[in-house]
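Reviewing the structure listed below.
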2 protein chains.
Amino acid sequence: MAENSGIVFVGRKPAMSYVLAVITSMSASNAKEITLKARGRAITTAVDVAEITRNRFIKDLKIDKIAIGTEELPPREGENRARMVSTMEITLKKE
Amino acid sequence: MAENSGIVFVGRKPAMSYVLAVITSMSASNAKEITLKARGRAITTAVDVAEITRNRFIKDLKIDKIAIGTEELPPREGENRARMVSTMEITLKKE
């Protein structure tokens, strides 16, 4: 759960860990904007994080931008094909 | 895998089933636009479907709009709390 200049990387932890990271990061830095980044299975968690934060905690948070993409990961050991993985970025902005 | 007026509902099948549905639907109806709808864990699959279709099959397909939201599902048997589930809609458009 890294946090750098308004970015929260969403991984395998439960959504609430990242919701907390977003809330902490936004109140600590008084930031107006935060971006959630996720790939693969964590994409669903990133959407949950955005929705939970918006609906339950920071009501004036709006979805500013959603982008999807593809990243190439090196092949697993014993395989020789690169793996393609989907990525997602959700930018949330305070009004 | 329902298809209605340019909508493909993404569920638990492998991404390629839905990629095929998108390609079939777009070429049959000569439609310029198609929307992928998914909720919960299928959100990741929907992103995969959009990326695979765009990168490998219909190169002039652009992401027109991405929206996320929350839906309330009735409680499971024996439970009494409604479940909240994240939803996603990806609209793809031919140039």
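The values are calculated or read from the model by the stated rules, or taken from the named source; none is laboratory data. Keep in mind that this is a model prediction, so the values were computed, not measured. Don't worry about glycine lacking a Cβ; one is built from the backbone with ideal geometry, like all the others, and counts go over all protein chains shown. These area figures cover heavy atoms from the full protein model, side chains too; ligands, DNA and RNA do not enter into them. Shrake-Rupley method; radii C 1.70, N 1.55, O 1.52, S 1.80 Å.
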(request) Kindly check whether there is at least one residue in the range B:38-51 that is farther than 15 Å from A:GLY69 by Cα and in a helix (DSSP H, G or I). (result) yes
(message) Which numbered condition in (1) farther than 18 Å from B:VAL49 by Cα; (2) within 14 Å of chain B (Cβ to nearest Cβ) is the only one that A:ILE66 fails?
(response) (1)
(message) Considering only the range A:11-18, I want to know if a residue exists there that is more than 14 Å from the chain's Cα centre (by Cα) and under 30 Å from B:ASN55 (Cβ atoms).
(response) no
(request) Look through the range B:73-85, keep the residues that are open to solvent by 70 Å² or more (accessible area, probe 1.4 Å) and either part of a loop (DSSP other than H, G, I, E, B) or out of contact with any strand residue (DSSP E or B) (no Cβ under 6 Å at 6 or more places or on another chain) (or both), and return whichever of them is nearest to A:ILE52 (Cα to Cα). (result) B:ARG81
(request) State all residues of the range A:86-95 that are away from chain B (no Cβ under 12 Å) and assigned to a strand (DSSP E or B); if no residue qualifies, say none. (result) A:LYS93, A:LYS94
(request) Please go through the range B:1-35 and pick out each residue that is within 13 Å of chain A (Cβ to nearest Cβ) and either closer than 18 Å to B:ALA67 by Cα or among the acidic types (Asp, Glu) (or both). (result) B:VAL10
(request) Could you check how many residues of the range B:50-61 are more than 9 Å from chain A (Cβ to nearest Cβ) and either open to solvent by 90 Å² or more (accessible area, probe 1.4 Å) or hydrophobic (A, V, I, L, M, F, W, C) (or both)? (result) 5
(request) Please enumerate the residues belonging to the range A:36-49 that are open to solvent by 20 Å² or more (accessible area, probe 1.4 Å) and more than 9 Å from chain B (Cβ to nearest Cβ). (result) A:LYS37, A:ARG39
(request) Test B:ILE7 against the stated conditions and say whether it is open to solvent by less than 90 Å² (accessible area, probe 1.4 Å) and touching a helix residue (DSSP H, G or I) at 6+ places or on another chain (Cβ under 7 Å). (result) no
